[in-house]
Amino acid sequence: MNKQHFCLIDVEVLNEYRLRLSYADKKVFEVDLANLIDASVFLAPLKNRSLFVQAKVGFCGRSIDWIEDVLDLGSDNLRNLGVEQAGGIGHERIWTWLHESGFTLEQGAEALGISRRMLIYYRDGEKPIPRSIWLACLGWDAVRPQGLNLPMHAPSVQEYASLHS
C-alpha cells in the first residue's frame, strides 16, 4: 500500500470506543469501533478500556496499533469505515463489486460508462465515489445486462429472482 491518502498522521482516542483519525491528505474521520470490537474475537481485548486508550499510529502510518505486531487495524480499512460511517461510499465497495461481478477493470469501467483510470481512482480511495456511480453498480447487479444492450426497465421481483438464481 503506497497511497499517501491512507497514511495516518495522528490518532486521538475519544469516548465509547471511538477514534479521530487524521490522514496525510488532511482528511479527518471519526470512527466508531464498538460494533467491530463486539463482533470480532480478534478485537475482543479492546473491550478493556485501558488497552483501547493506548491506540497509536503504527509503522509509517499504515495502521493503528494497540499491541505492536499483535493487535492492530489497517489505516486503509479504518479510512473506509470512516467514509462509510460519515455517510459516504467506501472504496472497498468497488473492490467487492468488481470481484463479485467477475469484472476486470476494463469491463467494470465499460459497464459504468467511465474511464478505467477513474474506476481505479474510486477503487483505490483516491477520489470519493459519487452516489450515482454506486447506484450504477447496484443497478448493474440488479439487471445483469448481457452485451451492449441495456434494459429499458428495472426488473420485477420475479425477473430479479430469475436473474439471481
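Being more than 30 Å from Leu51 (Cα to Cα), surrounded by fewer than 16 Cβ atoms within 10 Å (Cβ to Cβ) and of a type in the set (D, E, K, R) is the filter here; which residues of the range 63-118 pass it?
Hits for the range 63-118 are Glu100, Glu106, Glu110, Arg116, Arg117.
Would a scan of the range 52-65 turn up a residue that is over 19 Å from Asp124 (Cβ atoms) and small (Gly, Ala, Ser)?
Yes, the range 52-65 contains a residue that is over 19 Å from Asp124 (Cβ atoms) and small (Gly, Ala, Ser).
Name the single residue that is farthest from Leu14 (Cα to Cα) among those in the range 54-68 being assigned to a strand (DSSP E or B) and of a type outside the set (A, V, I, L, M, F, W, C).
In this case the residue turns out to be Ser63.
Looking at the range 35-48, is at least one residue within 17 Å of the chain's Cα centre (by Cα) and loosely packed, with under 13 Cβ neighbours inside 10 Å?
Yes, the conditions are met somewhere in the range 35-48.
For Leu43, indicate whether it is touching a Leu at 6+ places or on another chain (Cβ under 7 Å), under 15 Å from Val83 (Cβ atoms) and not polar (S, T, N, Q).
no
Which numbered condition in (1) closer than 19 Å to Gln107 by Cβ; (2) at pLDDT below 85 is the only one that Ile133 fails?
It is condition (2) that Ile133 fails.
Can you tell which of Leu51, Leu73, Leu119 is closer than 29 Å to Val28 by Cα, at pLDDT 95 or above and part of a strand (DSSP E or B)?
After ruling out the rest, the residue left standing is Leu73.
Among the listed residues Asp65, Asp10, identify the single one that is in contact with a Lys or Arg (Cβ under 9 Å, 6 or more places away or on another chain), touching a residue at least 24 places away in the same chain (Cβ under 8 Å) and of a type in the set (D, E, K, R).
Checking each option against the conditions leaves just Asp10.
Name the residues in the range 25-47 that are closer than 18 Å to Cys60 by Cα and either of a type in the set (S, T, N, Q) or at pLDDT 95 or above (or both), would you?
Val28
List pairs: first residue in the range 82-100 and outside any helix (DSSP H, G or I), second residue among the polar types (S, T, N, Q) anywhere in the structure, Cβ distance under 9 angstrom, at least six positions apart or on different chains.
Matching pairs, first to second residue: Gly90/Asn80; His91/Asn80.
With the structure loaded, tell me whether Val28 is surrounded by fewer than 17 Cβ atoms within 10 Å (Cβ to Cβ), under 24 Å from Ile120 (Cα atoms) and β-branched (Val, Ile, Thr) or whether it fails that test.
Considered against the rule, which asks whether it is surrounded by fewer than 17 Cβ atoms within 10 Å (Cβ to Cβ), under 24 Å from Ile120 (Cα atoms) and β-branched (Val, Ile, Thr), Val28 comes out as yes.
The values are calculated or read from the model by the stated rules, or taken from the named source; none is laboratory data. Note that the structure is a prediction, hence the values are computed from the model and not measured. When we count neighbours, we look across all protein chains shown, and the Cβ atoms used for this are built from the backbone with ideal geometry, even at glycine.
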